[in-house]
Structure formats: C-alpha cells, structure tokens
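A short worksheet on the structure shown next.
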Amino acid sequence: MTRREIVASSLALSATAGAAASPPRAGRLKQSVSRWCYQNIPLDKLCEAAARMGLQGIDLLQPAEYDVPRRHGLRCTMGYAADIMTIPNGLNRRENHDAIEKAFRVGIPQAAKAGVPNVIAFSGNRKGMSDEEGAANAVIGLNRVKRIAEDHGVTICIELLNSKVDHADYMADHTAWGVRVAEQVGSPRVKLLYDIYHMQIMEGDLIATIRKNIKWLGHFHTGGVPGRHNLDDTQEVNWHAVARSVADLGFEGYFAHEFVPTGDPLTALAQAVRTCTV
Ligand SMILES: O=C(O)C(=O)CO
C-alpha cells in the first residue's frame, strides 16, 4: 500500500466511523432512531452505531426484532403491535375495532415482555368522515384497549402526521384532534406521537404547542423541513431549541430521529444526535 493509499483509507475510515465513535455527551433527552430510515444498514450494525452515539433505542421495530437492540444495551422504543392498523385504516372506523383489540391483546403483552414502552397507533384517513365522528369513534376504540395498555405499562401512541405532503386525507393531522381524543380517553397509557416534522408542515408553532399539550405527548419524531432530511442548516426548524424545550418540560419519554439521511447516513445521524443533546 502506498502512503497516499494509507492516508486515503484512514480518512475514509474516520469519515464513516468517526462521527459515530466520538464519545457521546450526556444530555437530558433520551434519543432514539427509526429503523426504516436506515434500511441499508443491518439492524445489528445500526444498533452498534446507535449505542456508540449515545442513543438509547431503536424505533419502529416488528416484534420479531425487539430483542436485537437489547443485545447492544438498547431497547426498542416504539413497536408495531397491531399490523392490522395502518396509516389510512385505523381507529376512526368502528368496523376496525374488533381486529385492533384482537391484535393489541397479543401485541401489547409481547411489547411489555420485551421492555418496549410504546406501541404505535393511527387514526386512519377521513374518506369523507367528519373529524368529530372520527374522534368519537377513536375514543370508543381506545376505551376498548386502554386497560390492556394500563395493565402492561405500555403506552399506545397515536401518531400525528401531515396530510399536506406525505399522507393525504389522514385524519390525525393536527394536534387538537389528537389531544381531544387523548383527553376523552383519559388514560396515562394513551398518548400522542408528536411528529415534529409532520406538525411543522401542518401547524408550525412547535414549542408553544408542545408546552401546552405535553401532558398528552408520549413520544417525539424528528425530520428536517422541508424534505424530511438531515437536521441541518438547510431546513427551517431550530432543532436545538425544540429539543431544549422538550427537555425543560421534564419529558421522560423518547425523542426519536426519523429523517431520511443525505450523505453518509451515520454521520447525519450523529450530527442530529449532537444537535438535540441538550
Ligand atoms: O410514515 C410516516 O410518515 C411516519 O412518520 C411514520 O412514523
């Protein structure tokens, strides 16, 4: 190997490993990362890198994968416990409730056993239904399953998503709808997944909204706006300030990165983790 090749190969190594290997600074937020954004990296490798960066877990895993983060001292921070429920087809339709309850009766105990603190839920699309009717239906559905969540210490988190760019017609596309449902269900185990990327697109006013509704927010997702890429200075959200506000509220759940990285994926993730270390 020539000197030039040795220098080039060590530079390449530090570019891929360096960001992930630098010692993590302790912060007040428990950060996590969504598996689907790093599909080209085997889950074991993602967990290894996440542990080195100081992340606490991996988001959005299937039950068969729950044990993988544990091998690396992490946990699955949000599980899929009811595959029957999809973004367009969820809690807002009463005809879905039998299947959702059946799935949660298996999926929530399974999550609890694996130490998974949260499971995801979706409102479903409007398909012509009013938000009032959808909210009332979602409350009925959640009232059927909240006891399972309470008994197992697992939180059902209804995700708030944008209906403007990514998920046309999705019903839980504004915070007020989700808060109204969570308040009416009134369980410490039924909360919202406040996806900051999606809510910046729909509403903005992030910090004030988070402060006002923190009681009902069980989990956070990140993603640069516009584009859902790196949390860098090409996008409009001040991530450090948002993260600090969440930490200042004493939030004890997880703050999970969910952006599609550009450039080297682990370098992008490490940079996001640093930005949100507050
Ligand atoms: O599908 C999406 O857009 C999500 O945010 C899922 O968590």
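For (1) in contact with a Phe, Trp or Tyr (Cβ under 7 Å, 6 or more places away or on another chain); (2) part of a strand (DSSP E or B); (3) open to solvent by less than 10 Å² (accessible area, probe 1.4 Å); (4) more than 14 Å from the ligand (Cβ to nearest atom), each residue gets a yes or a no:
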residue: 164; (1), (2), (3), (4): no, no, no, no
residue: 176; (1), (2), (3), (4): no, no, no, yes
residue: 188; (1), (2), (3), (4): no, no, no, yes
residue: 201; (1), (2), (3), (4): no, no, no, no
residue: 211; (1), (2), (3), (4): no, no, no, yes
residue: 223; (1), (2), (3), (4): yes, no, yes, no
Answer residue from region 229-252, given it is touching a residue at least 60 places away in the same chain (Cβ under 8 Å) and part of a loop (DSSP other than H, G, I, E, B) and is most open to solvent (accessible area, probe 1.4 Å) among those: 252
query: Has region 253-261 got at least one residue that is more than 16 Å from the ligand (Cβ to nearest atom), of a type in the set (Ser, Thr, Tyr) and open to solvent by less than 20 Å² (accessible area, probe 1.4 Å)?
result: no
message: Please verify whether residue 242 is under 20 Å from residue 198 (Cβ atoms) and either under 18 Å from the mean Cα position of the chain (by Cα) or among the aromatic types (Phe, Trp, Tyr) (or both), treating the condition exactly as stated.
response: yes
- line: Within region 253-271, residues part of a loop (DSSP other than H, G, I, E, B) and among the small types (Gly, Ala, Ser) come out as 253, 263
field: Filter pass, residue 264 being in contact (Cβ under 8 Å) with a residue 40 or more places away in the chain, more than 18 Å from the chain's Cα centre (by Cα) and open to solvent by 50 Å² or more (accessible area, probe 1.4 Å)
entry: yes
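Residue by residue, here is whether (1) at positive phi; (2) more than 16 Å from the ligand (Cβ to nearest atom); (3) out of contact with any helix residue (DSSP H, G or I) (no Cβ under 9 Å at 6 or more places or on another chain) holds:
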{"site": "87", "(1), (2), (3)": "no, no, yes"}
{"site": "95", "(1), (2), (3)": "no, yes, yes"}
{"site": "113", "(1), (2), (3)": "no, yes, no"}
{"site": "127", "(1), (2), (3)": "yes, yes, yes"}
{"site": "138", "(1), (2), (3)": "no, yes, no"}
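The rows are residues; the columns are (1) under 15 Å from residue 85 (Cβ atoms); (2) more than 16 Å from the ligand (Cβ to nearest atom); (3) assigned to a strand (DSSP E or B).
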site	(1), (2), (3)
142	yes, yes, no
151	no, yes, no
167	yes, no, no
182	no, yes, no
Single unsatisfied condition, residue 217 versus (1) surrounded by 21 or more Cβ atoms within 10 Å (Cβ to Cβ); (2) over 18 Å from the mean Cα position of the chain (by Cα): (2)
Residue satisfying all of: in region 81-104; part of a loop (DSSP other than H, G, I, E, B), aliphatic (A, V, I, L, M) and touching a residue at least 24 places away in the same chain (Cβ under 8 Å); nearest to residue 142 (Cα to Cα) among these: 91
statement: Listed by first then second residue, the pairs whose first member lies in region 33-62 and is within 16 Å of the ligand (Cβ to nearest atom), whose partner is open to solvent by 60 Å² or more (accessible area, probe 1.4 Å) and in a helix (DSSP H, G or I), with beta carbons under 7 Å and at least 6 positions apart or on separate chains, are 60/36
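Against the definition (of a type in the set (Asp, Glu), closer than 23 Å to residue 272 by Cα, within 16 Å of the ligand (Cβ to nearest atom) and touching a helix residue (DSSP H, G or I) at 6+ places or on another chain (Cβ under 8 Å)), how does residue 83 come out, yes or no?
Spelling it out, it is not the case that residue 83 is of a type in the set (Asp, Glu), closer than 23 Å to residue 272 by Cα, within 16 Å of the ligand (Cβ to nearest atom) and touching a helix residue (DSSP H, G or I) at 6+ places or on another chain (Cβ under 8 Å).
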query: Would it be correct to say that residue 205 is more than 21 Å from residue 106 (Cα to Cα), open to solvent by 40 Å² or more (accessible area, probe 1.4 Å) and more than 16 Å from the ligand (Cβ to nearest atom)?
result: yes
message: Tell me yes or no: at least one residue of region 153-160 is buried (at least 21 other Cβ atoms within 10 Å of the Cβ), within 26 Å of residue 229 (Cα to Cα), touching a residue at least 24 places away in the same chain (Cβ under 8 Å) and acidic (Asp, Glu).
response: yes
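The values are calculated or read from the model by the stated rules, or taken from the named source; none is laboratory data. Just so it is clear, the model here is predicted, and its values are computed rather than measured. Using ideal geometry, Cβ is built from the backbone for each residue, glycine included, and neighbour counts are taken over all protein chains shown. Side chains included, ligands, DNA and RNA excluded: accessible areas come from the protein's heavy atoms. Shrake-Rupley method; radii C 1.70, N 1.55, O 1.52, S 1.80 Å.
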